[in-house]
Amino acid sequence: MGNREDLLAGARRCLEEKGYLRTTVRDIASASKVSMAAIGYHFGSREALLNLALFAAMDEWAAGSGRLAGQGDTAAERYADTWDRKIRDFGDMRWLWIANVEAFVHAQSAPELLAILAEGQRRSRRMVAAQLSGVPESEVAEEDVRALGSVHIALLTGVMVQALTDPEQAPTGRELAQGLRTMAELLER
């Protein structure tokens with residue numbers, strides 16, 4: 001690997017071990033065995049490097065678990081199975097989700113990062129709406145992106161916080177599916 005790749009790998013290790021906010025330039029240089037000056041040369045800043053490492057890890061996670069999949073026969077069972085897998089990921093990849101929360105907090109005073117996170121959220125809404133609807137992203141109606149995608153992203157964020165805060169009491173996939181059914185029934189009254 002070259003210095004750039006070494007720095008990305010080192011930044012990822014630092015995210016896993018120290019998180020987003022506590023990782024320093026010195027930490028990344030030490031983890032990657034590359035000079036601190038190389039961070040500025042290749043990425044411009046610590047934040048830019050950490051952002052790339054974090055976004056790469058998120059893309060990696062999304063590629064492996066973003067699909068609706070499961071063992072169940074019905075759409076509700078497959079949806080519940082998918083949530084069970086995501087909830088397991090929150091525990092198994094705790095560092096990734098905490099780093100995401102830390103990046104969000106940092107973004108409140110970093111407009112460039114906030115814009116990147118907002119764009120990622122917009123793309124995620126469309127991707128999720130397409131997955132749930134079973135159609136290509138290009139065919140998802142804008143109202144489904146805004147409604148279905150937004151609700152699912154809100155669930156993802158809320159369940160993530162519950163799983164990180166109190167893993168023993170985090171909802172299961174079946175509880176989430178049942179809660180959505182109950183909510184739909186209440187909204188029909």
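The values are calculated or read from the model by the stated rules, or taken from the named source; none is laboratory data. Predicted model, so just to flag it, every value in this text is computed and none were measured. As a convention, Cβ positions derive from the backbone with ideal geometry for all residues, glycine included, and neighbour counts pool all protein chains shown. These area figures cover heavy atoms from the full protein model, side chains too; ligands, DNA and RNA do not enter into them. Shrake-Rupley method; radii C 1.70, N 1.55, O 1.52, S 1.80 Å.
Mind checking which residues of the stretch 19-46 are open to solvent by 60 Å² or more (accessible area, probe 1.4 Å) and within 22 Å of the chain's Cα centre (by Cα)?
Matches in the stretch 19-46: LEU21, ARG22.
How do the pairs read when you match residues in the stretch 99-118 that are under 16 Å from ALA57 (Cβ atoms) with residues anywhere that are of a type in the set (Asp, Glu) and open to solvent by 70 Å² or more (accessible area, probe 1.4 Å), using Cβ under 9 Å and keeping only pairs 6 or more apart or on different chains?
The qualifying pairs are ALA99/GLU16.
Please work out which residue is farthest from ALA107 (Cα to Cα), limiting yourself to the stretch 122-132 and to residues that are free of Cβ contacts under 8 Å to residues at least 24 places away in the same chain and in contact with a helix residue (DSSP H, G or I) (Cβ under 6 Å, 6 or more places away or on another chain).
Among those residues, the one meeting the criterion is ALA130.
Residue under question is GLY158, and the condition is that it be modelled with pLDDT of 95 or more, over 13 Å from TYR79 (Cβ atoms) and not β-branched (Val, Ile, Thr); does it hold? Break it down into steps so the answer makes sense when it comes.
Numbers: modelled with pLDDT of 95 or more: yes; over 13 Å from TYR79 (Cβ atoms): yes; not β-branched (Val, Ile, Thr): yes.
For GLY158, the condition - modelled with pLDDT of 95 or more, over 13 Å from TYR79 (Cβ atoms) and not β-branched (Val, Ile, Thr) - is met.
Scan (1) among the β-branched types (Val, Ile, Thr); (2) out of contact with any Ser or Thr (no Cβ under 8 Å at 6 or more places or on another chain); (3) modelled with pLDDT under 95 for the single condition ILE153 breaks and write down its number.
ILE153 satisfies all of (1) among the β-branched types (Val, Ile, Thr); (2) out of contact with any Ser or Thr (no Cβ under 8 Å at 6 or more places or on another chain); (3) modelled with pLDDT under 95 except (2).
For residues that are hydrophobic (A, V, I, L, M, F, W, C), surrounded by 16 or more Cβ atoms within 10 Å (Cβ to Cβ) and more than 22 Å from GLY64 (Cβ to Cβ), scanning just the stretch 87-115, find the one that is modelled with the highest pLDDT.
ALA107
Got a sec? Which of GLU119, GLU112 is in a helix (DSSP H, G or I), out of contact with any helix residue (DSSP H, G or I) (no Cβ under 9 Å at 6 or more places or on another chain) and over 21 Å from ALA184 (Cβ atoms)? Reasoning before the result, please.
Numbers: GLU112 fails: out of contact with any helix residue (DSSP H, G or I) (no Cβ under 9 Å at 6 or more places or on another chain).
Only one candidate passes the filter, namely GLU119.
Of everything in the stretch 145-171, what is of a type outside the set (A, V, I, L, M, F, W, C) and open to solvent by less than 60 Å² (accessible area, probe 1.4 Å)? Give them in sequence order. Reasoning before the result, please.
Pass one, the stretch 145-171, residues of a type outside the set (A, V, I, L, M, F, W, C): 146, 149-150, 152, 157-158, 162, 165-169, 171.
Within the stretch 145-171, GLY149, SER150, HIS152, GLY158, PRO171 meet the criteria.
Test GLN178 against the stated conditions and say whether it is without any contact (Cβ under 8 Å) to a residue 40 or more places away in the chain, under 20 Å from ASP81 (Cβ atoms), under 17 Å from the mean Cα position of the chain (by Cα) and open to solvent by 30 Å² or more (accessible area, probe 1.4 Å).
no
Pairs only if they're at least six apart or on different chains, beta carbon under 7 angstrom, first in the stretch 74-93 and closer than 11 Å to MET160 by Cα and of a type in the set (Lys, Arg), second open to solvent by less than 20 Å² (accessible area, probe 1.4 Å) and part of a helix (DSSP H, G or I); list them, first residue then second.
LYS86/SER65
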